[in-house]
Amino acid sequence: MSFPRKRESSCLNMLWTPAFAGVTGFLTFYEVVRFDGVLFVKFIADQNLGRLVKWLRIMGYDTVLYRGPADRSFLRKAEKEGRTVLTRRRDMAGRQFAGTLIVVKHDRLEDQLATLMEALPIHPEPARLFTLCLRCNRSLKEVDKEEVSGQVPAYVLETQSRFRVCPQCRGIFWPGTHRENIRRFLGMSSPDHSL
Ligand SMILES: [Zn+2]
């Protein structure tokens, strides 16, 4: 699949790839989608997209929640770190930006996720699921059961065999019953054995 080179854009322009649109019709969901020839799978989102950020992290996609105003420094950070911009602000589409920017029009999380997965080659993969700390966006490190002994409830230690720790907040994670609900929400049917 190929993407057009970056072009100057304004709110009036609709930049898209005919191949994509023919298959998915995602232009009905996004007002403006820009590609610069490189498809990034790291994201930065404005503060109106907190729930979407959490779900992208659940799926294992490195996603920064930008807490400041969606301004020039927001875009500068995206460029510097090679992140795809997700924003609710339609006026952002007219800004000068040498990267991929997506204006998220939908209000419902389900619709936001579904359309992102249509527009970009991202999808819930069992191997990526739950690999990032939902709080810090850092990669979790797999640790031995012994290392978390005394730090998790005794019944968890007895019933679980795999644990991951966040290097930043030191949060400890293990497979829980809510994970099946998450998988269902993401439309994943096969059981997840990857933690
Ligand atoms: Zn953390």
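Readers should treat all values here as calculations from the given coordinates under stated rules, not as data from a laboratory. What you are looking at is a predicted structure, and each value in this text was computed from that prediction instead of being measured. Here Cβ is always computed from backbone atoms with ideal geometry, including for glycine, and neighbour counts include all displayed protein chains.
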Pairwise label distance in nanometres, E79 with N48, each label 7 Å out on the Cα-Cβ vector: 2.3 nm
Environment charge of V143, counting only residues whose C-beta is closer than 12 Å and scoring Lys/Arg +1, Asp/Glu -1: +1
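Could you compute the FRET efficiency for L134 and Q96, with r as their C-beta to C-beta distance and R0 at 45 Å, rounded to 0.05? Show your work: numbers first, answer last.
Values: r = 33 Å, r/R0 = 0.72.
The calculated FRET efficiency here is 0.85.
Could you calculate the contour length gain from T159 to A127, that is, 0.36 nm times the residue separation minus the distance between their Cα atoms, to one decimal place in nm? Spell out each step's value before the answer.
Values: separation 32, 0.36 × 32 = 11.52 nm, distance 2.18 nm.
Working it through step by step, the gained length comes to 9.3 nm.
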Unit Cα scatterers, Debye sum, segment 129-195: log10 I(q)/I(0) for q = 0.15, 0.17, 0.27, 0.29 Å⁻¹: -0.50, -0.63, -1.24, -1.30
P(r) histogram, all alpha-carbon pairs of segment 78-195 included - 10 Å bins from 0, percent: 11, 31, 31, 18, 7, 1
